[in-house]
1. Heavy atoms only, 1.4 Å probe, whole protein assembly: order B:Arg83, A:Arg215 by accessible area, highest first.
2. Quote the accessible area belonging to B:Arg222 in square angstrom, nearest 10, computed with a 1.4 Å probe and with ligands, DNA and RNA left uncounted.
3. Quick check on the range B:98-194: take the gyration tensor over C-alpha atoms, sort the square-rooted eigenvalues as a ≥ b ≥ c, and tell me if it's rounded (a/c under 1.5), prolate or oblate.
4. Under a 1.4 Å probe, what is the accessible area of the range A:20-65 per residue, stated in Å²?
5. As a test, work out the antiparallel percent of DSSP beta bridges whose residues both lie in chain B, rounded to the nearest 5.
6. Summarise the accessible area of chain B (1.4 Å probe, protein heavy atoms) by the percent that is carbon and sulfur.
7. Before I look further, what does the range A:89-131 give for accessible area per residue, probe 1.4 Å, in whole square angstrom?
8. Given labels modelled 7 Å from the Cα in the Cβ direction, how far is it in nm from A:Leu221 to B:Gln124?
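The values are calculated or read from the model by the stated rules, or taken from the named source; none is laboratory data. Remember, predicted model here, so these are calculated numbers, not experimental data. Please note: Cβ atoms are built from the backbone with ideal geometry, for glycine as well, and neighbour counts cover all protein chains shown. Protein only, heavy atoms only, side chains kept; ligands, DNA and RNA dropped before computing areas. Shrake-Rupley method; radii C 1.70, N 1.55, O 1.52, S 1.80 Å.
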Number of protein chains: 2
Amino acid sequence: MKRYTVIVAGGSGSRMKSKVSKQYLLLAGKPILMHTLSVFYNYDATIDIILVLPAHDQAYWQSLVRQYHFDIPHTLVQGGATRFQSVKNGLSQIKADGIVAIHDGVRPLLAPHTLEQLFTTAQQQGNATACVAMKESLRHVDPQTTVSRAVNRTAYKVIQTPQVFRVPLIQQAFQAEETDLFTDDASVFEYAGHKIVLVNGEYSNIKITTPEDLRIAEALLRKL
Amino acid sequence: MKRYTVIVAGGSGSRMKSKVSKQYLLLAGKPILMHTLSVFYNYDATIDIILVLPAHDQAYWQSLVRQYHFDIPHTLVQGGATRFQSVKNGLSQIKADGIVAIHDGVRPLLAPHTLEQLFTTAQQQGNATACVAMKESLRHVDPQTTVSRAVNRTAYKVIQTPQVFRVPLIQQAFQAEETDLFTDDASVFEYAGHKIVLVNGEYSNIKITTPEDLRIAEALLRKL
């Protein structure tokens, strides 16, 4: 079945204390986002890569593509006001059936074997979302009283991307009106009535949002 | 008020794919555990450091102390069959009132200002536990049905150590019979009827349990 990926990178650099949005910062000498696109291309050179970027970033991205002689084919799409809108814009580019992996642009360390397992599972079961076990203790904090209580961490999973879906099902799910409940694409899919399938990913598939994360990614990349 | 720390390091090296238990692996040329003890000593040279190690590790630790000319004063105590028993053994060494910080030996990157805030808060409120916000989406998985549902991650905190307590209160709490509910020291304290006070710590205060964690710690240490 035809494979697609929608890679979303709409974040600003505010948490990075940088003027450059985090997805363009250099990791091992190359913008983070180029690493991310490469993971998908190296996994399957026939995959359709749809890259969703804010309108005001697109000229900058094009200049980086020239500067780094980045030749991985991709379709550039304009982002929306929220992540939900950006993903919806990306999904609307897909005109045929298939399987789509929605992925954060700032997760460049995704392992190919995780991606393979996600696509295989989604093909069989309609969806697949990467997750890892909670390694640390967890407490629930009541927002009203601020009283916290220990909860059983083995009953919780930390959710990552890619989140992979059968194309028509996820396109339909994104017809919903956006709500605060939508913290990721799996929650949109769940809201449409589907059961979410979780697949164990890797701790190294980190989301780079702080300067510390960038240093961690450099360290992981050297040894992967 | 007199300050103590009970540092617990009972883990084996199984998750590290190493024959050497993880707490003795080298971080920047020195065993992880020595970094951890140094954080407390550098914060307050008058603190009483109680180090709890498995019986079969103690001769090895003593040889490392000689080899590395490690001269930070500490009391060595024998661990128990579980983490709960080990902490209890450590706490039983304390013969006077004060404040005790219970800490994982494999968290060498604890920041002094976090430690200061924890001791200050515990002195005022009886206890203080380090935590950080969940950065990623979270799902609850029903253990029977394996059905998962999105939960509001802002209502959850990831718990770290140190967990800091007024000495007689935590000693009393550890008189309880051990149960599976005790995932950390705060849960023991909570079980005794106390309200847990959470203090924001730092993401860099990682627990080193895998080879990846060790590489991450090296990267963080270079830039701290």
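1. Numbers: B:Arg83 85, A:Arg215 55 Å².
Ranked list, largest accessible area first: B:Arg83, A:Arg215.
2. The value for B:Arg222 is about 140 Å².
3. In terms of gyration-tensor shape, oblate.
4. Accessible area per residue, the range A:20-65: 35 Å².
5. Numbers: 16 of 34 bridges.
Expressed as a percentage, antiparallel bridges in chain B total about 45.
6. Values: 4920 of 9880 Å².
That fraction is 50 percent.
7. Details: 1370 Å² over 43 residues.
On a per-residue basis, the range A:89-131 sits at 32 Å².
8. 4.2 nm
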